[in-house]
Amino acid sequence: MENQTRNQPTMLGDRRAAKDSVFREKLRQMALPLHPLVQLTTGDIHPAFPGTLLNFWLLTDAQLEEMAHFYHQRTPCQYTFHYPCPITWSSDMPLEEKRRKIGRFIGLRGCESPVRVRSSDEILEDARRARVAEEEEMWRRKLPYY
C-alpha cells in the first residue's frame with residue numbers, strides 16, 4: 001500500500017499532467033525562467049520582476065506601473081532610450097496592453113504591437129467602394145461634358 005502512494009502524483013496538477021500531454025506542455029512553458037533586466041543607473045533588479053513566464057502573466061497593474069517607472073519607461077528621461085527595447089507608456093492603458101508592452105520591453109516573443117485584422121465585411125465594403133469609384137471614373141471619361 002505504501003509503495004502505491006509513492007508512485008502516484010500527489011498534486012492535482014501533477015495528476016492532470018500525467019494524463020494530459022497538452023497540459024503538461026503548458027506547465028513546462030509556464031515554468032520557463034526569465035532572465036532579469038537590470039536598471040541602468042543602479043544595476044538593481046526590480047523586486048517584482050517575474051522569475052518565470054507564469055509570474056509574468058500574474059503581474060498586477062500596480063506592479064507593471066512600478067516596473068515601467070523603475071526601468072525609466074513611464075516618465076521619459078536621459079536613460080529611457082538606452083534600454084534594448086524602449087516602449088511608450090501611458091498609465092491609462094488597459095492591463096493587457098501594459099502587460100504586452102512590458103513583455104516586449106523585457107524581450108518576450110509574441111508581445112509585439114497587434115496588427116489589426118480586418119473582418120470579411122470590411123474587406124467586402126472596401127471592394128464595393130473601389131468598384132463604385134471605378135464606375136464613376138469610367139462614366140466621367142465617357143461623358144466629360146455632363
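General remarks:
- Karplus (6.51, -1.76, 1.60) ³J(HN,Hα), θ = phi - 60°, over the range 19-36, in Hz, Gly and Pro reported as x: 9, 10, 5, 5, 5, 4, 5, 5, 4, 4, 5, 5, 8, 4, x, 10, 7, x
- Solvent-accessible area of the chain (1.4 angstrom probe, protein heavy atoms only): carbon and sulfur portion equals 57 percent.
- Cα-centre dipole for the chain with unit charges at Cβ (Lys and Arg positive, Asp and Glu negative), debye to 20: 420 debye
- Helix-derived mean residue ellipticity, 222 nm - over the chain, DSSP H n ≥ 4, -39500 (n - 2.57), to 500: -15000 deg cm²/dmol
- Note on the chain: GNM, Cα springs under 10 Å; of GLU96, GLU122, GLU66, the largest mean-square fluctuation is that of GLU122.
- Accessible heavy-atom area order of ARG109, ARG128, highest first, probe of 1.4 Å: ARG109, ARG128
- For the chain, taking the reciprocal of the average inverse distance between every pair of different Cα atoms yields a Kirkwood hydrodynamic radius of 20.1 Å.
- For the options LEU27, LEU37, LEU108, a Gaussian network treatment of the chain with springs between C-alpha atoms closer than 10 Å singles out LEU27 as fluctuating the most.
- Inverse of mean 1/r across different Cα pairs in the range 46-103, Kirkwood, Å: 11.6 Å
- Placed amide H near THR52: partners under 5 Å, 5+ positions off or other chain: LEU34
- Considering only ALA31, ALA62, ALA127, the Gaussian network model of the chain with Cα springs below 10 Å gives its largest mean-square fluctuation to ALA127.
- For the range 44-102, the Cβ-based charge dipole about the Cα centre amounts to some 160 debye (Lys, Arg positive; Asp, Glu negative; other atoms uncharged).
- Working note: Karplus 6.51/-1.76/1.60 with θ = phi - 60° gives the range 125-132 the couplings 5, 5, 5, 4, 4, 5, 5, 4 Hz, where Gly and Pro are set to x.
- Using C-alpha pairs under 8 Å with a sequence gap of at least 6, the mean separation divided by the residue count of the chain gives a relative contact order of 12 percent.
- Residue-normalised accessible area of the chain, expressed per residue, 1.4 Å probe, Å²: 77 Å²
- When the surface is traced with a 1.4 Å probe over the full set of protein chains, THR41 keeps roughly 70 Å² accessible.
The values are calculated or read from the model by the stated rules, or taken from the named source; none is laboratory data. Computed from a predicted structure; not experimentally measured. So basically every Cβ, Gly included, is an ideal-geometry build from the backbone, and we count neighbours across all protein chains shown. Protein only, heavy atoms only, side chains kept; ligands, DNA and RNA dropped before computing areas. Shrake-Rupley method; radii C 1.70, N 1.55, O 1.52, S 1.80 Å.
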